[in-house]
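Where a number appears in this text, it was derived from the coordinates with a stated rule and is not lab data. These numbers were taken from a predicted model, which means no experiment stands behind them. Every residue, glycine as well, gets a Cβ built from its backbone with ideal geometry; the counts of neighbours run over all protein chains shown.
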Amino acid sequence: MRFSMNTKERIFHSVLFEAIALIFVITAATIFTDAGAQSATGLAIGLSVIAMCWNYVYNLGFDRIFGYNRIERSFKMRISHGLGFECGMIVATLPLMMWVLQLDFWTVFIMDIGVVIFFLVYAIVYNWCYDIIRQRILVNKSAVNSANARS
């Protein structure tokens with residue numbers, strides 16, 4: 001059974017992903033940098049906004065190219081999906097991170113590689129879980145609607 005995501009669900013998917021990610025990013029930025037909690041939170045929110053916009057555009061394009069049947073995506077496809085997303089994020093976020101953290105390109109680039117590794121794993125796990133839960137909800141909803149239609 002295939003159900004494509006509408007705009008409202010894509011936004012929900014992205015906001016939920018970023019809300020969970022904010023907890024990780026703010027904690028890590030406060031622990032691993034000299035940025036105070038306020039700067040770390042501002043940076044995390046800025047990165048989150050960039051990520052949500054990129055997430056929407058990237059996933060819409062990815063689904064159009066590789067199909068809307070998200071549940072049948074292979075592990076290799078999920079790795080490719082995550083790597084493509086994270087490469088785009090590096091390009092979009094390096095300047096902001098350099099400015100806020102007041103660090104040079106290479107330092108921020110190395111930090112960003114650590115962030116990319118974390119988010120690659122997080123994105124794969126999040127999307128896989130989201131897709132499985134979503135599929136179960138939609139199948140159950142479809143079964144209930146079919147049962148109600150027969151009554």
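Whole-Hz Karplus values for the range 133-143 come out as 4, 4, 4, 4, 4, 5, 5, 4, 5, 5, 5 Hz, taken residue by residue from phi with 6.51 cos²θ - 1.76 cosθ + 1.60 and θ = phi - 60°; glycine and proline positions read x.
Neighbour counts of other Cβ atoms within 10 Å put Phe75, Phe119, Phe62 in the fewest-to-most order Phe75, Phe62, Phe119. What you get for the range 79-151, charging only the Cβ of Lys and Arg (+1) and of Asp and Glu (-1), is a dipole of about 660 debye around the Cα centre. May I ask which residue of Ile90, Ser14, Thr107 lies farthest towards the positive end of the charge dipole of the range 7-145, with charges of +1 (Lys, Arg) and -1 (Asp, Glu) on Cβ and the Cα centre as origin? Value computed over the given set: Ser14.
Loop-located trypsin sites (Lys or Arg not before Pro) across the range 1-89 with a Cβ neighbour count of 11 or fewer within 10 Å are Arg2, with loop assigned by DSSP.
From its DSSP helices (H runs of at least four residues, each -39,500 (n - 2.57)), the chain gives a residue-normalised ellipticity at 222 nm of -31000 deg cm²/dmol. Neighbour counts of other Cβ atoms within 10 Å put Met97, Met77, Met52 in the fewest-to-most order Met77, Met52, Met97.
When the chain is treated as a Gaussian network with alpha carbon springs shorter than 10 Å, the biggest mean-square fluctuation among Asp112, Asp131, Asp34 belongs to Asp34.
Simple point charges give the picture: +1 on the Cβ of Lys and Arg, -1 on the Cβ of Asp and Glu, and for the chain a dipole about the Cα centre of about 980 debye.
Here Trp128, Trp54 are placed in order of increasing Cβ neighbour count within 10 Å, fewest first, which gives Trp128, Trp54.
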